[in-house]
1. Counting heavy atoms of the protein chains only and a 1.4 Å probe, report the per residue accessible area for the chain as a whole number of Å².
2. Any idea what the relative contact order of the chain is, in percent, if you count C-alpha pairs under 8 Å spaced at least 6 apart?
3. At 1.4 Å probe size, what's the solvent-accessible area of Leu139? Round to the nearest 10 Å².
4. Hey, what do the phi angles of the stretch 28-43 turn into as Karplus ³J(HN,Hα) couplings, whole Hz, using 6.51/-1.76/1.60 and θ = phi - 60°, x for Gly and Pro?
5. Over 31 Å apart: what share of the alpha carbon pairs of the chain falls there, rounded to a whole percent?
6. Between Trp196 and Glu63, how many nm apart are label points set 7 Å from Cα along the C-beta direction?
7. Which length gain, in nm to one decimal place, applies between Glu179 and Gln40 when the Cα-Cα distance is subtracted from 0.36 nm times their residue separation?
8. Rounded to the nearest percent, how much of the accessible area of the chain (1.4 Å probe, protein heavy atoms only) is carbon and sulfur?
Amino acid sequence: MRSTLLAGLLAFAVSKVTSQDTYWSVQSKPFFLVLKSHNQTINGSYLYPCHEGAAIEGLCLGEKRADDYGQFTHNTSAQTPLPTSGLLTWELRGFNFNVSSAMRFQYNDASNVAIPLFFPGNSDYNAVNFTEAGVMNILSYQDDTKPLPNYSGGPLCRWYICTTYYGYLYQTLAWVMGEGKPQNPTCQKVEVIRQWV
Ligand SMILES: *[C@@H]1O[C@H](CO)[C@@H](O)[C@H](O)[C@H]1NC(C)=O
Ligand SMILES: *[C@@H]1O[C@H](CO)[C@@H](O)[C@H](O)[C@H]1NC(C)=O
Ligand SMILES: *[C@@H]1O[C@H](CO)[C@@H](O)[C@H](O)[C@H]1NC(C)=O
Ligand SMILES: *[C@@H]1O[C@H](CO)[C@@H](O)[C@H](O)[C@H]1NC(C)=O
Ligand SMILES: *[C@@H]1O[C@H](CO)[C@@H](O)[C@H](O)[C@H]1NC(C)=O
Ligand SMILES: *[C@@H]1O[C@H](CO)[C@@H](O)[C@H](O)[C@H]1NC(C)=O
C-alpha cells in the first residue's frame, strides 16, 4: 500500500516535470555547498540533501568531507543579457528516472525562519546568486526599512543552521526573514560557500 502510494507520488512528480519551464536551462558545473562559521564544530562542514517527504529534501548539516550525494548546480537563464540569479538545483535519482529539483523556501506564518527544500521541477523556487568568491546570497530588490520605493537592497546572506522540523527533526540550513534575529533559539549564523567539485 505504502509503496504503491510512493510510486504514484513519484510518477506524479515526474509527470509534472515533463511540463517543466525551460527558462532556467543554463546549468553550471556541479559544486558542493560548504559552511563558513565562527563555530569550529561546523566550520568547513558540507550540506547534503536529506529526506523530508516523498521526493522532498532539506539541506542537512553534514560532515567535514565531500560526498557525491551532495552535489548541486546553479540553473540560470540564457534569456537575459546579464548574469542573473538562478535556481539552486539538485538531481533526485530514482530507480528508473532522474529529475532535477529546485530549491524553494517553506514559510511558516508563525516564524521568521524559512526552510530551504528541494521539490522536483521548477514550478516554484527561490532564486539565489553567488558572489565572485562563491558566497551564496539572495538579492533584495526593495529595502522596506527605508521609505518605499527604495531599490537599494543588494545581496543578502541571512543563512543559519537551525534545528528545524518539516518532515523530520534535523539540523538544516535555514533562511531568516528580515533584519532581526531568528526566533528559533537553535539557529547559528553561517555563510554558505560554493566549492566546485
Ligand atoms: C537545469 O538545467 C538542466 C540543463 O538544461 C535541465 O535539464 C534541468 O531540468 C534544469 N533544472 C530545473 C529544476 O529547471
Ligand atoms: C574555518 O575554516 C577555514 C578554512 O579551513 C579557516 O581558514 C578558518 O580559520 C576557520 N574559522 C574558524 C573560526 O575556525
Ligand atoms: C556549534 O555547533 C554545534 C553543532 O550544531 C552545536 O551543538 C554547538 O552548540 C555550537 N556551539 C556554539 C558555541 O554555538
Ligand atoms: C541518472 O543519472 C546517473 C548519473 O548521471 C546515470 O548513471 C543514470 O543512468 C541515470 N538514470 C536514468 C534513469 O536516466
Ligand atoms: C550575480 O553574481 C554575479 C557575480 O558572481 C554578478 O556578476 C551578477 O551581477 C549577480 N546577478 C545579479 C542579478 O545581481
Ligand atoms: C534608499 O534609502 C537610502 C537611505 O535612506 C537613500 O540614501 C537612497 O537614496 C534610497 N534609494 C532609493 C533608490 O530610493
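The values are calculated or read from the model by the stated rules, or taken from the named source; none is laboratory data. This structure is a prediction, so every number in the text was calculated from the model and none was measured. Reconstructed Cβ throughout: ideal geometry from the backbone, glycine too, with neighbour counts over all protein chains shown. Accessible surface is based on the protein model in full, side chains and every heavy atom, while ligands, DNA and RNA are left aside. Shrake-Rupley method; radii C 1.70, N 1.55, O 1.52, S 1.80 Å.
1. For the chain, the solvent-accessible area averages 57 Å² per residue.
2. On the way: 427 pairs, mean separation 43.1, N = 197.
Worked out over the chain, it gives 22 percent.
3. Accessible area, nearest 10 Å²: 60 Å².
4. Values per residue, Gly and Pro as x: 6, 5, x, 8, 9, 10, 10, 8, 10, 8, 6, 8, 4, 4, 10, 4 Hz.
5. Summing the P(r) of the chain above 31 Å gives 18 percent of all pairs.
6. 2.7
7. Values: separation 139, 0.36 × 139 = 50.04 nm, distance 2.49 nm.
Gain on stretching Glu179 to Gln40: 47.6 nm.
8. Reported share for carbon and sulfur atoms: 54 percent.
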